């Protein structure tokens, strides 16, 4: 550790040198006026090889910190090299992490097509690991003998009314695949299935939505035209395989974007008992 | 395990002494005098023992006589040093005497037992023996930085663990006339574990010098390095104006004669002649307070030109000096053969042929036959087996395309040494990320990075590194520290493939501890997919050169 | 199988392999594609649904050097109607490796029995023995060396040398012989002035668009050439550099002739 | 000849002795098994053959040791010694003379090693039912009886697996695939064959794969979650119980249960004209469900099931072990707590270091479908145990198919002896997350079952048990020994392992 600290000292020292040696291209601290600003941009993600890696992306000359490497159930789902990502987040007031201005409430939507120009692993460059790591690169220290399962889906109780469930997706993604947050993604499908089975639903409407987003540069980015249909078909198929009768299910979708928010990239399941 | 010549399980290794005993026993059938491991022999004669009882290490002003031929043990067998000039009196000889101010002589870092380089094994032994007082550990470059507390092992870790000396080079670089070169890129220190690039006295800002860390190269077989037997520059080893590197770079010319020189000296080809290398080493490494007398410099150069080093004995096979050995083996082969012969062809194959070793020799044990055949297969792999050479600046830029389906011998093409005949600097990836070996950054791994890391940012209007672009992270910019060119970042001049068993670790940054690790680097770098047998064969082949 | 052989040989030796057809030159920017074969790989590129054969891997002596994966290439050449290695052969092909990296250019097609490259002058392994190559007509007979050009005699005249570049390149590795000749002439006549002028150009692509070299290119061509000439022995004090900022406009025919720098040697 | 177990463990430290003789026999001859009596005495029985022929009479003992180059494998028959004469696992069920045991040999960790295959060829001159034309040759239409026609089996231990194309759902309905298949090279001739190929009346894709270990199955066939968290899709269910399964059987998870696998194997590999009876299937399932195996002695003949590691090594540990435990953590590590492996002794110290690397040494895992694609990010800095996370077996607790590049170019070694397919994905499909829409592969793996582009080249992780007994490795048999396994990962993920680390990992794998 002491040697590690001395690296930081060196970097700090370099920071004070006025030579070209350590001048960074950016000053990674948000201007007070920027704090709280919502950002949405498409960029190649970058990963930094700190002891525990952190994820970054550059937009208009500024490097932003997105979050730490996590597990598949972490709040921040890391993006993918070899893919561009739509980054959405809000500039936080906190000090910079890993050399980047901190974004909070970040969603990184991995765009499905392969883009080999996204291929940068930055060296640690003396930065410490990001804070709030749930899980390091080595095996987790948490005690696995203590069962920490998510609460089970409770058996639905009557009275059974019409109920809606929302399945979230990342941008342009039509199933729980590359970078979809599972902890919010799949569970509503299971809940809907439980509810439909328990209430012996007459009708299950599966409504696929397509959304759009206004980027920080003013441009609009729309999801692919058939995304609503694909999402709906995926959810309907999964519900069928989990035991919901196919004839009860109606698959619907919207072809034009229904909204501009992250939440609009979704499938709504409406169960009518 | 047949053919498994370099079985690295420590438990199965004999101690060096035991092996030497074995080896010498095999040559002359005599028991070994304790403490004496050097064996003397004249060409074609039975070796005999020297009477005095010195260790393998040559101290400064040692005073021993260097015989015409001498052999020293190593893990694979013995390295042989053939001094074509004959018996040399070393007392008073400028190569052997401490001609600088720090007690070092040339021989300190160019040890006969280490193929005229110096191995980590020897360095470690010296530390133990002298508690770190040996002049090899001189603060100036035998420590991670002169400003560190010198009595601590940790301050010499790069030398002790990887055999690396600090090389301080002017930044920005200077042209040969001393004028400053405007580099094509910005250099930024992003990691400085030795502290020497940011040091108040030795750092780049304070001293105008960048510190990189490199292995010393063998001071032997030098006619292959300069491309001619003449050292006065009157013979141009190269009949061309431009190097074939795809960057339209001219060959540098000899300062006196104006004739092109080989540009193969040092990892970055910064010295055009052996003389200037010797002069510079006397100042930089031996800390001579004033330039060494020209006659003495010439004496050192002349001495070096007579030295031929190669593995000369394998503990499974016996002496390579015996009749009927493959042409490439042993130091006499290097003395006998011509420099500057292009070898990636069937007219003059790089290491001649090993056909004799494809079939059992009379009286061979099965183990011996297996080893010989393994070496012959290793040579075939080197010479014939194609793979995709890819993204290597100064190789894939020479007109063979990227990638190019070729064999090892495409680049390692100089007969007898496996250097590159056409100015051997190449970015193989040994010092540039992403390929350079970096310690895993993890709480579990106690080894933290030891080498500096530089960020290179190329200027918009300058030619970039074709395969790494405009932003490059590197442990050692290599040739680019001399030329200031982006496309030279990480380009390191290939070394000769001789006496390898005597001078581990390998690569200019000492990143391959063993020959297998050297092979594994290529296997990863070019996704070759060597089988376990092929890996063994290649390591065996390299071990006998 | 006759055609591949001819083709392979035609590419690299100076023997003109094809009679000049009256076809239109194609110019396009594409990712090169490499096809592995049992021997050396061949290089292809796709344009408008058609696959073109560019060159096989040989060595640095080859007349046309292969392109590079990891980079797009500007391909200029005349389609011949012949096919080889799964692509229509382009004659007089010029391949400019574009300097910026393009990681998406990363296709290696596997070797199949369908595509065979026979009698490549240089295989993936070591070069054949000279006698073998000579027997195949791939090397000049032993001892045959081009005579050295005679030293010029006074009165000397001004002579211009033209160095050609790949698109957007500042270095001219393929034209070092021209640079050498310029240096030799300047030294032989003890030139009083060596005037270097850098140019840039646009290439007219087959789709009608113009691709223009970067703004700094003419200046850099002149500067790099000047320092190279000085390094190889031309008296630095005699060298003058200038450059034309305006790009020369391509026509879609042999536009590579416009990507150049000139060296005027004045007695 | 009986020797004391304790004496065996110290064999290497002693001079010539009966024990030493045994050791030499084990290492050099490798022909006979050793049985261990209830009292723990080891018997070295020259009469028992190492190879099990179908319909052979004899007993399958409760605990048998089979020597291999790395020591000895232990096989435990937990329900006790059985007579095999009429046992459906050991009996011919079909037309071609094979039994289940033919390709699941106890000495080869209930799989099959190339060493055994080669020896069988020598001993029977290629007439063993093992070499049956249907899948024991490169193609049934190849001239049988010639070595060259069985080269994939003889050299890489590969059996031909013909799969219908387009794929079918479990109820037989065709699935519309997201990609087209083009055969780029067909060295076995079987994909272009008029009778067996893609253009035949029953179009089939032939791929070539190693048989998997039919033991330690309680870890593999337990109940699964309803949804596969890696792709958000519903898991396959056991048709008998309606409960989801783990989907970790076979390299492509095409069968949900052992019974259905046995049924299919009887039809395809044993060429049974009629399905085995329900009793037979139940008996096979019950038998395999209680077979446990693991390496029991290391190459220096240390008893691996002694001392601190006894809960993690050897077949008895497999029998006792808990199923379904996630092991990529320090409270229930994959092969037990690291301190229980601690050793200062040459070989065992190397094994311990190997285990530490497996558990603790991170590297950049990248471009792996179903690892990087499931929310961990690409790349992710993790260790071997991230994917090999099931305690005791080192499989993936979740459905374990991933594309690590053993089958897909550019990482797959160019194998001239295997078919090469070019798969082109429809524009409307989700592309393979790291290879895009045009993929060259020797084996599309899971995608041959699902028809989905993202599944191309994904192969289910195998258990890391009994490895020393069953080289070569990977589904395509491309790694001849454990060094080559380790070095595949070293190349694939640019791990930069040192020479010593490679040796340590190999030694570690050899004792599992």
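Using a 7 Å offset from Cα along Cα-Cβ at residue A:245, what residues in segment A:256-273 end up with backbone N under 16 Å from the label point? Counting only backbone N, you get A:271-273. Taking every alpha-carbon pair under 8 Å whose residues sit at least 6 apart, chain D reaches a relative contact order of 16 percent. With the cut-off at under 16 Å, measuring from each backbone N in segment B:201-217 to a point 7 Å along the Cα-to-Cβ line of residue B:130 picks out no residue.
With R₀ set to 22 Å, the beta-carbon distance separating residue D:344 from residue D:306 gives a calculated FRET efficiency near 0.85.
With the helix formula -39500 (n - 2.57) applied to DSSP H stretches of n ≥ 4, chain B reaches a computed 222 nm mean residue ellipticity of -6500 deg cm²/dmol.
What percent does the relative contact order of segment C:159-266 come to when contacts are Cα pairs within less than 8 Å and at least six residues apart?
45 percent
Note on the protein assembly as shown: percent of Cα-Cα distances in each 20 Å bin, starting at 0 and stopping at the bin with the largest distance, equals 8, 32, 38, 19, 3, 0. The modelled label-to-label distance between residue A:217 and residue C:160, using points 7 Å beyond Cα along the C-beta direction, is 4.3 nm.
Relative to one another, the C-alpha centroids of segment D:325-384 and segment D:176-239 are positioned 29 Å apart. Cβ crowding within 10 Å, taken as a proxy for footprinting-reagent exposure, orders A:166, D:237, D:368, B:225 from fewest neighbours to most as A:166, D:237, D:368, B:225. What shape does segment B:389-510 have by the C-alpha gyration tensor, where a ≥ b ≥ c are the square roots of the eigenvalues, rounded means a/c under 1.5, and otherwise prolate means a/b greater than b/c and oblate the rest? Judged from the Cα gyration tensor, segment B:389-510 comes out oblate (a/c at least 1.5, b/c at or above a/b).
The spacing between segment B:340-396 and segment B:72-88, judged by their C-alpha centroids, is 23 Å.
Each of B:140, D:404 has some number of other Cβ atoms within 10 Å of its Cβ, and from fewest to most they run B:140, D:404.
Each of residue B:280 and residue B:181 was given a label point 7 Å from its Cα along the Cα-to-Cβ line. The distance between the two points is 1.1 nm. From the alpha carbon centroid of segment C:44-62 to that of segment D:103-157 is 44 Å.
List C:93, A:101 from most exposed to least, where exposure is judged by having the fewest other Cβ atoms within 10 Å. Present the calculation step by step, with values, prior to reporting the outcome.
On the way: C:93 22, A:101 25.
Ordered from fewest to most neighbouring Cβ atoms within 10 Å, C:93, A:101 come out as C:93, A:101.
Note on residue D:69 and residue A:226: their simple-model spin labels are 5.1 nm apart, each label 7 Å out from Cα toward Cβ. Computed per residue of chain D from DSSP H runs no shorter than four, each worth -39500 (n - 2.57), the mean residue ellipticity at 222 nm is -6000 deg cm²/dmol. Each DSSP beta bridge with both residues in segment A:186-271 is either parallel or antiparallel, and the antiparallel ones are about 60%. Remark: the Cα gyration tensor places chain C in the oblate category, a/c being 1.5 or greater and a/b not exceeding b/c.
Mean separation of Cα pairs under 8 Å and 6 or more residues apart, divided by the residue count, gives segment B:347-398 a relative contact order of 32 percent. For segment C:233-267, the residues whose backbone nitrogen is under 19 Å from a point 7 Å from the Cα of residue B:240, taken along Cα to Cβ, are C:233. Computed over all pairs of different Cα atoms, the Kirkwood value for the hydrodynamic radius of segment A:17-123 is 14.2 Å. For chain C, the longest principal axis of the Cα atoms and the long axis of helix C:176-188 meet at an angle of about 20 degrees. Over chain C, DSSP H runs of length four or greater, each weighted -39,500 (n - 2.57), average out per residue to a 222 nm ellipticity of -5000 deg cm²/dmol. Anisotropy class assigned to segment A:163-272 is prolate, per the alpha carbon gyration tensor with a/c at or over the 1.5 cut-off and a/b larger than b/c.
At an R0 of 60 angstrom, the distance between the Cβ atoms of residue B:206 and residue C:63 translates into a FRET efficiency of 0.70.
Given R0 = 56 Å, the distance between the Cβ atoms of residue C:215 and residue B:294 translates into a calculated FRET efficiency of 0.65. Between residue B:359 and residue B:448, full extension at 0.36 nm per residue minus the direct alpha carbon distance yields a gain of 27.2 nm.
Read the figures in this text as sums done on the coordinates, not as results from a lab. Quantities reported herein were computed from a predicted structural model and do not represent experimental measurements. Neighbour counts are summed over all protein chains in view; Cβ atoms, including those assigned to glycine, are modelled from backbone coordinates with ideal geometry.
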